[in-house]
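The values are calculated or read from the model by the stated rules, or taken from the named source; none is laboratory data. Being a predicted model, the structure only gives us computed values, none of them experimental. As a convention, Cβ positions derive from the backbone with ideal geometry for all residues, glycine included, and neighbour counts pool all protein chains shown. Remember, those area values only see protein heavy atoms, side chains included, never the ligands or the DNA or RNA. Shrake-Rupley method; radii C 1.70, N 1.55, O 1.52, S 1.80 Å.
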Amino acid sequence: RSRHVQVRKSAAQLLLSLTEKIGVTELAGTPRAERLAHMVGKLAQDCDKDTRHYRQEMVKMLLNHQTLKRLLEQSVSARDL
């Protein structure tokens, strides 16, 4: 496995963990919410199945909040959602 794949997988795992810990309501009120949605969109196109799994879990969480749902829909194609 490529080192880059491992880094993206670890980053996705960390993002999911932080999202669960902080909560989507708290994240929606931060200036970084748009960047988070964009990063989740980038992870959607990863070749590693574990990275995509972490991304799917984050998407489920983000879709439950109206603001983050809108940002996610702007950042990610409908096919990737």
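Got a number for the accessible area of V7? Probe 1.4 Å, square angstrom, nearest 10.
Roughly 90 Å² of V7 is accessible to a 1.4 Å probe.
Which order do the peptides 37-45, 25-33 come out in when sorted by mean C-beta neighbours inside 10 angstrom, highest first?
37-45, 25-33
First obtain the Kirkwood hydrodynamic radius of the chain from its Cα pairs, then insert it into the Stokes-Einstein equation at 37 °C and 0.692 mPa s, and state the resulting D in µm² per second as a whole number.
263 µm²/s
With the full set of protein chains in place, find how many percent of the accessible area of the stretch 3-78 is carbon and sulfur; take the probe as 1.4 Å.
That fraction is 50 percent.
Give me the distance in nm between label points sitting 7 Å out from Cα along the Cα-to-Cβ direction at S17 and H38, one decimal.
Inter-label distance under the simple model: 2.5 nm.
Give me the count of lysine pairs in the chain whose alpha carbons sit under 18 angstrom apart, restricted to pairs 8 or more positions apart or on different chains.
Counting lysine pairs in the chain gives 8.
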